[in-house]
Amino acid sequence: MGDYLLLGISCIFVNNILLMQYLGNCPFLGVSKKMETAVGMAMAVIFVLVMAGTITWVTEHLLLRPFGFEFLRTLAFILVIASLVQFVEMFLKKSIPALYAGLGIFLPLITTNCAVMGVCLINIKEEYSFLQALVASFSYAVGFGLALVLFAGVRERILLARVPKPLQDTSIGLVGAGLMSLAFFAFKGMV
């Protein structure tokens, strides 16, 4: 039990997929201007990443490895991720149209979100068991959501401040992302 707790803390804080491994920066900067869209994106990524992490683990260990088809790993994983994103997109379009409109192009871009693919490949590379892959996938997704929501709060505060014209919008966003990454770097060595 303790090992799983350490794995979870490590994935959320120490090896945060967004701020320490720099994967998934496109939605990080794209949907972090409003808290509502950031929370919606975090929830969508949590669902997709947990499902993709477990389904790709099963695909790797029950289909690809036993038959020697490891060379099809990238193609199979992209197919799984794209299918899950389509499911989330249809669900949000039907159930929460305001959030669907708020996420815009970034929702289908979860398919190409390198954080999702990166976590699936990390699970395979680290030789995690099924339960470890499930914990790691969930924890990486929570770390992604935590960083996204914290950054959305920072960006909403920045909108209220007087920012010099050359630093407005994306520029100050990148500076803020760098500072948050430095803050998460303080967790290095904790686990």
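The values are calculated or read from the model by the stated rules, or taken from the named source; none is laboratory data. Since this is a predicted model, take the numbers as computed values, not measurements. Glycine gets a Cβ as well: all are built from the backbone with ideal geometry, and neighbour counts include every protein chain shown. All accessible areas refer to the heavy atoms of the entire protein, side chains included, with ligands and DNA or RNA removed. Shrake-Rupley method; radii C 1.70, N 1.55, O 1.52, S 1.80 Å.
Listed here are the residues, each with its yes/no results for (1) modelled with pLDDT of 90 or more; (2) part of a helix (DSSP H, G or I); (3) among the aliphatic types (A, V, I, L, M); (4) loosely packed, with under 14 Cβ neighbours inside 10 Å.
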{"site": "139", "(1), (2), (3), (4)": "yes, yes, no, no"}
{"site": "145", "(1), (2), (3), (4)": "yes, yes, no, no"}
{"site": "149", "(1), (2), (3), (4)": "yes, yes, yes, no"}
{"site": "152", "(1), (2), (3), (4)": "yes, yes, yes, no"}
{"site": "158", "(1), (2), (3), (4)": "no, yes, yes, no"}
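Determine whether residue 71 is under 17 Å from residue 117 (Cα atoms) and over 21 Å from the mean Cα position of the chain (by Cα).
Yes; evaluated as a whole, the condition is true for this residue.
Only residues that are among the hydroxyl-bearing types (Ser, Thr, Tyr) and modelled with pLDDT of 85 or more were counted across the range 74-111, and they come to 3.
Between 2, 40, the distinction of being open to solvent by less than 80 Å² (accessible area, probe 1.4 Å) and free of Cβ contacts under 8 Å to residues at least 60 places away in the same chain belongs to 2 only.
Quick check on the range 147-164. Is at least one of its residues touching a residue at least 12 places away in the same chain (Cβ under 8 Å), of a type outside the set (S, T, N, Q) and within 14 Å of residue 15 (Cβ to Cβ)? Scanning the range 147-164, I find at least one residue that is touching a residue at least 12 places away in the same chain (Cβ under 8 Å), of a type outside the set (S, T, N, Q) and within 14 Å of residue 15 (Cβ to Cβ), so the answer is yes. Go through the residues of the range 45-61 one by one and say whether even a single one is in contact (Cβ under 8 Å) with a residue 40 or more places away in the chain and open to solvent by 70 Å² or more (accessible area, probe 1.4 Å). Yes: one or more hits. When the range 80-115 is examined, which residues are found to be over 20 Å from residue 32 (Cβ atoms), out of contact with any Ser or Thr (no Cβ under 9 Å at 6 or more places or on another chain) and of a type in the set (A, V, I, L, M, F, W, C)? Selection gives 87, 90, 91. Please work out if residue 25 is touching a residue at least 24 places away in the same chain (Cβ under 8 Å), open to solvent by less than 10 Å² (accessible area, probe 1.4 Å) and of a type outside the set (D, E, K, R). It is false that residue 25 is touching a residue at least 24 places away in the same chain (Cβ under 8 Å), open to solvent by less than 10 Å² (accessible area, probe 1.4 Å) and of a type outside the set (D, E, K, R).
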